[in-house]
Amino acid sequence: MASTNIYACESMTKTDTIKLRNRHIGKSCQLFYRSDPLKIIRGEGQYMFDEEGTRYLDCINNVAHVGHCHPKVVEAARAQIGLISTNNRFLHDELVKCAQKLTSKMPGDLSVCFFVNSGSEANDLALRLARYYTKQKDVITLDHAYHGHLTSVMEISPYKFNKPGGDPKPDFVHVASCPDTYRGRYNVKNCPDQDLCKLYTTEVDEIIKNIKSNGKGVAAFIAESLQSCGGQIIPPAGYFDSIYRSVREAGGVTIADEVQVGFGRVGTHYFAFETQHVIPDIVTVAKPMGNGHPVGAVVTTPKIAERFATSGVAYFNTYGGNPVSCAIANAVMDVIDEEKLQENALIVGQYLLENSLQLMKEFEMVGDVRGTGLFVGIELVKSKECRQAATAEANAIVDRMKNVHHILISSDGPDDNVLKLKPPMVFNIENAKEFLTAIRECLGQYQSTEKKSISA
Ligand code: PMP
């Protein structure tokens, strides 16, 4: 007799899976395509497969960095979990190897690691390190930033607390304008990068002055090296150098959030902050580091780490730096080097960007295209002239890309009108062509519908 117990998960139908989801998973938990969800069974490289075996090209996944289920990563996890999966404060070779490998990729004096389990935890710990070091509490963050889901980092994430009814902004958090060169505050036509940087830095200087006039000091300036949730934002050249100078002069610590964009994604460098020729005091990493497995780290200078220790902090984290996580992270970093994935990001990213820029010429609704390596944003607007966000169109295109072309992309940004591409780093030229053909078809759908309705 067929079982009616939907908890017997062996081979659940999609309808049963949705029933269980609706019953047991919080409605506010973000799942892609909530009304018409995809049930993904397995992944391989840059592809994911649903329960019917349909292949989807994954352009969303900035987590499965070296490709889904990379054999070397799977083997590293399998081998280590078969030996011991927790070290909980004992010495382990994978732990120290991981710290050594990760810090060897960092410039300057960034040589000390703390291991955590997620990007949110990494940023939370970065704030603590900065506050112990400076003995100050105030933090300067950027508008539209997202630094994670823990209370401490939600407080410095305007992307979230700007939502109606969102968490109120505490008075020790100061929000500077987002360096968006398309619709940012200092969106002066043809303004050279150097002048833009001056405008943004003057604003930060004003914030610092205000903090000081209230008898307080700056603990940290935190920013994503490239904003992802904020809409694939690439700051103008020289931006961080200019702001870091002001923050350091004021005694503050600089934190680069590389949770989304580290490990070669930008193509030209291993970390995105390096494209701006700066060396932060603290760098946070996660997502790609574990290729889907939860592992992250905070990397800092001996000076900052030492101040934490001499303040009497005994930092303890049950799972941070466990042998399985570190074995996986070591395998990921090896694969990036062995398979030259950073170089791949540069070549394929360049192709993708050049051809996406072409879309701006072809379609009125493509307002801006920006990118570096395998990190590209396509901003959709009602018209180039008005620049009004084409949010509904962006969402419809995301759905059409999935349903018609079996390509997974997402939309984000304050107005949810920026199509985001951040595929696994094994993405190739053929994949880029597949994406470009599909996105042209989707944009054409909207262009022709608009024309039809105008002439009707
Ligand atoms: N920082 C950035 C820039 C992120 O994009 C995210 C996640 N989207 C986080 C921090 C938080 O990471 P996690 O979800 O691993 O806690």
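Only residues that are away from the ligand (no atom under 16 Å from the Cβ) and either surrounded by fewer than 24 Cβ atoms within 10 Å (Cβ to Cβ) or part of a loop (DSSP other than H, G, I, E, B) (or both) were counted across the range 250-261, and they come to 3. Consider the range 314-369 and keep the residues that are more than 30 Å from Asp180 (Cα to Cα) and of a type in the set (Ser, Thr, Tyr). The one that is modelled with the highest pLDDT is Ser325.
Within the range 302-316, identify whether any single residue is surrounded by 24 or more Cβ atoms within 10 Å (Cβ to Cβ) and either among the polar types (S, T, N, Q) or under 19 Å from the mean Cα position of the chain (by Cα) (or both), and answer yes or no. Scanning the range 302-316, I find no residue that is surrounded by 24 or more Cβ atoms within 10 Å (Cβ to Cβ) and either among the polar types (S, T, N, Q) or under 19 Å from the mean Cα position of the chain (by Cα) (or both), so the answer is no. Restricted to strands (runs of 3 or more DSSP E) entirely inside the range 25-141, those with at least 3 residues that are surrounded by 19 or more Cβ atoms within 10 Å (Cβ to Cβ) and hydrophobic (A, V, I, L, M, F, W, C) are 112-116. The C-beta contact set for the range 415-432 (first residue under 12 Å from Arg265 (Cβ atoms), second residue of a type in the set (Ser, Thr, Tyr) and part of a helix (DSSP H, G or I), distance under 9 angstrom, 6+ apart or interchain) comprises Leu421/Ser356. Scanning the range 179-199 for any residue that is within 18 Å of the chain's Cα centre (by Cα) and in the same structural domain as Gly252 (by TED's automatic domain parsing) turns up at least one such residue.
Restricting attention to the range 138-151, the residues being out of contact with any Lys or Arg (no Cβ under 6 Å at 6 or more places or on another chain) and away from the ligand (no atom under 12 Å from the Cβ) number 4.
Looking at Val283, Val278, which is the one that is closer than 19 Å to Gly238 by Cα, assigned by TED's automatic domain parsing to the domain that holds Leu125, within 14 Å of the ligand (Cβ to nearest atom) and buried (at least 19 other Cβ atoms within 10 Å of the Cβ)? Result: Val283 is the single residue among Val283, Val278 that is closer than 19 Å to Gly238 by Cα, assigned by TED's automatic domain parsing to the domain that holds Leu125, within 14 Å of the ligand (Cβ to nearest atom) and buried (at least 19 other Cβ atoms within 10 Å of the Cβ). Among the residues that make up the range 238-246, is at least one of them in contact with a strand residue (DSSP E or B) (Cβ under 6 Å, 6 or more places away or on another chain) and of a type outside the set (S, T, N, Q)? Yes, the range 238-246 has at least one match.
So that you can scan it fast, the table gives a plain yes or no per residue for (1) more than 16 Å from the ligand (Cβ to nearest atom); (2) among the aliphatic types (A, V, I, L, M); (3) closer than 19 Å to Arg131 by Cα:
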position	(1), (2), (3)
Cys197	yes, no, no
Gly215	yes, no, yes
Ser228	no, no, no
Arg248	yes, no, yes
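Of all residues in the range 434-450, those satisfying the criterion of being without any contact (Cβ under 8 Å) to a residue 40 or more places away in the chain and either under 28 Å from Lys340 (Cβ atoms) or outside any helix (DSSP H, G or I) (or both) are Thr437, Ala438. The combined condition, being in the same structural domain as Gly108 (by TED's automatic domain parsing), out of contact with any Lys or Arg (no Cβ under 9 Å at 6 or more places or on another chain) and closer than 23 Å to Phe90 by Cβ, is not fulfilled by Ala331. The residue that is nearest to Asn330 (Cα to Cα), counting only those in the range 262-288 that are out of contact with any strand residue (DSSP E or B) (no Cβ under 6 Å at 6 or more places or on another chain) and part of a helix (DSSP H, G or I), is Pro288. Scanning the range 156-187 for residues that are within 16 Å of the ligand (Cβ to nearest atom), touching a helix residue (DSSP H, G or I) at 6+ places or on another chain (Cβ under 7 Å) and over 18 Å from Leu199 (Cα atoms) yields Lys160, Phe161, Asp167. In the range 142-154, the residues that are assigned by TED's automatic domain parsing to the domain that holds Arg128 reach residues that are near the ligand (Cβ under 7 Å from one of its atoms) and not in a helix (DSSP H, G or I) with C-beta atoms within less than 7 angstrom, at least six apart or across chains, in these pairs: Ala145/Glu224; Tyr146/Cys229; His147/Asp257; Val153/His147.
Regarding Ala272, is this residue within 16 Å of the ligand (Cβ to nearest atom), aliphatic (A, V, I, L, M) and closer than 24 Å to Ala237 by Cα? When the stated conditions are applied, Ala272 passes them. For Asn210, state whether it is in contact (Cβ under 8 Å) with a residue 12 or more places away in the chain and not assigned by TED's automatic domain parsing to the domain that holds Arg370. Yes. Picking from residues in the range 370-389 that are over 24 Å from Lys105 (Cα atoms) and in contact with a Gly (Cβ under 7 Å, 6 or more places away or on another chain), the one that is surrounded by the fewest Cβ atoms within 10 Å (Cβ to Cβ) is Lys384.
The values are calculated or read from the model by the stated rules, or taken from the named source; none is laboratory data. Predicted model, so just to flag it, every value in this text is computed and none were measured. Don't worry about glycine lacking a Cβ; one is built from the backbone with ideal geometry, like all the others, and counts go over all protein chains shown.
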